[in-house]
Amino acid sequence: MFLAMDTVFDQCSIAILDTSGQVLSSHTETGKRQQTQQILPMIDAALSEAQLRLADIKALIFNRGPGAFSGIRINTAVVQALSVAHDIPCVGVSSLQAIAQSAYQKYGLTHVYSALDARMQQVYFGQYALIDNIMQPVNQDNGENTEQLLDYDSQTALNIAIVGNGAGLLSLHDEQISHDEVWPDAVVIGQLGIAQFMTLGGTDAAHALPQYLRNQAWKTLKEQGKA
C-alpha cells in the first residue's frame with residue numbers, strides 16, 4: 001500500500017493506492033490556506049477509510065515541486081516526519097511530470113510541454129513523452145533533465161501541446177495546442193510514485209528533498225531584489 005499527498009497545487013489532496021494503482025481512498029480539499037491544519041487529519045481519515053495503519057504503508061509519495069514554496073514545504077515536512085517516525089521510505093514526484101501525466105489521462109496527449117506559473121514573469125517548464133503509460137521526462141542532448149525556468153512569452157522549440165496554468169503565459173506557435181486547466185491530485189502523484197518506486201526504490205527522509213528550481217525561493221522578494 002502507498003500513501004500519496006499533494007499540497008503544491010493549491011489543494012490538500014491525499015490518496016492511498018495499492019501496487020496495481022487501485023485507489024483505496026482519495027480526498028481533495030481545494031484552497032491552500034488551511035493545508036497545515038488539513039493534511040494530518042486527512043491522512044488519518046484516509047487510513048481509517050482504507051482500514052490500514054501507517055505500518056501497512058510501503059512508501060510515502062509526495063509532490064516535491066517545483067511550485068509554490070509553502071505548499072512544497074508542507075507535504076515535504078510531513079513526509080519526512082512520518083518517514084522518520086515509522087521508518088517508511090519516501091518517493092518524490094515532479095509536479096511538472098504530474099501535470100503531463102494528467103494531460104495524458106485527460107486528453108490522450110503522449111508528448112507535451114508542462115508549464116506551471118512560477119510568478120516573477122517566469123514559468124516552471126519541462127518536456128515529457130509517454131513510455132509504458134507513464135509520461136517520462138525528455139532529457140536534453142547533454143543528458144540533463146529539461147525541468148527549468150522560462151521567461152513569460154518564450155516560445156517552445158517544438159510545436160507540441162503545452163499543458164498547465166503556465167501555457168497561456170508562453171508565446172504559442174500557430175495551431176499549437178494548449179490546455180491551461182490541468183490540475184493533478186494525489187492519485188496521479190501516487191501512480192507516478194509507485195512506478196518510480198518499482199524501478200528505483202525509495203529514499204530515506206534525509207534525501208526526500210524539495211525541488212524549487214528557483215534557488216532563492218526561500219528568500220523574501222526584497223531579499224531577492226525583486227521588490
query: If you go through the range 30-53 one residue at a time, how many are open to solvent by 50 Å² or more (accessible area, probe 1.4 Å) and at pLDDT below 95?
result: 6
message: Given the criteria closer than 30 Å to Phe197 by Cα and hydrophobic (A, V, I, L, M, F, W, C), does Leu149 qualify?
response: yes
- line: When every residue in the range 64-79 that is among the hydrophobic types (A, V, I, L, M, F, W, C) and part of a helix (DSSP H, G or I) is compared, the one most open to solvent (accessible area, probe 1.4 Å) is Phe69
field: Test: Ala167 is buried (at least 22 other Cβ atoms within 10 Å of the Cβ) and over 22 Å from Gly21 (Cα atoms)
entry: yes
query: Is there any pair with a first residue in the range 72-83 that is closer than 17 Å to Gln34 by Cβ and a second that is in a helix (DSSP H, G or I) whose Cβ atoms are under 8 Å apart and which are 6 or more apart or on different chains, and what are they?
result: Ile74/Gln35; Ile74/Thr36; Ile74/Ile39; Asn75/Ile39; Val78/Ile39; Val78/Leu40; Val78/Ile43
task: Tell me which of these Ser95 doesn't satisfy, since it passes every other one: (1) among the polar types (S, T, N, Q); (2) under 22 Å from Glu181 (Cα atoms); (3) surrounded by fewer than 17 Cβ atoms within 10 Å (Cβ to Cβ); (4) in contact with a helix residue (DSSP H, G or I) (Cβ under 9 Å, 6 or more places away or on another chain).
output: (3)
- prompt: Are any of the residues in the range 149-160 open to solvent by less than 60 Å² (accessible area, probe 1.4 Å), closer than 29 Å to Cys12 by Cβ and out of contact with any strand residue (DSSP E or B) (no Cβ under 6 Å at 6 or more places or on another chain)?
  reply: yes
field: Ile61 vs. criteria touching a strand residue (DSSP E or B) at 6+ places or on another chain (Cβ under 6 Å), within 20 Å of Leu17 (Cα to Cα), at pLDDT 95 or above and part of a loop (DSSP other than H, G, I, E, B)
entry: no
query: Do we have any residue at all in the range 38-51 that's in contact with a helix residue (DSSP H, G or I) (Cβ under 7 Å, 6 or more places away or on another chain), within 25 Å of Leu213 (Cα to Cα) and of a type in the set (A, V, I, L, M, F, W, C)?
result: yes
message: Let me confirm something: among Leu130, Leu149, Leu82, Leu116, which residue is within 15 Å of the chain's Cα centre (by Cα), on the phi < 0 side of the Ramachandran plot, among the hydrophobic types (A, V, I, L, M, F, W, C) and outside any loop (DSSP other than H, G, I, E, B)?
response: Leu116
task: All but one of (1) open to solvent by 10 Å² or more (accessible area, probe 1.4 Å); (2) outside any loop (DSSP other than H, G, I, E, B); (3) aliphatic (A, V, I, L, M); (4) in contact (Cβ under 8 Å) with a residue 40 or more places away in the chain hold for Leu109, so report the exception by its number.
output: (2)
task: Specify the residue that is surrounded by the fewest Cβ atoms within 10 Å (Cβ to Cβ); the eligible residues are those in the range 170-182 that are touching a helix residue (DSSP H, G or I) at 6+ places or on another chain (Cβ under 8 Å) and not charged (D, E, K, R).
output: Ser178
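The values are calculated or read from the model by the stated rules, or taken from the named source; none is laboratory data. All values reported here derive from a predicted model rather than from experimental measurement. FYI the Cβ positions are ideal-geometry reconstructions off the backbone, even for glycines, and counts take in every protein chain you see. Side chains included, ligands, DNA and RNA excluded: accessible areas come from the protein's heavy atoms. Shrake-Rupley method; radii C 1.70, N 1.55, O 1.52, S 1.80 Å.
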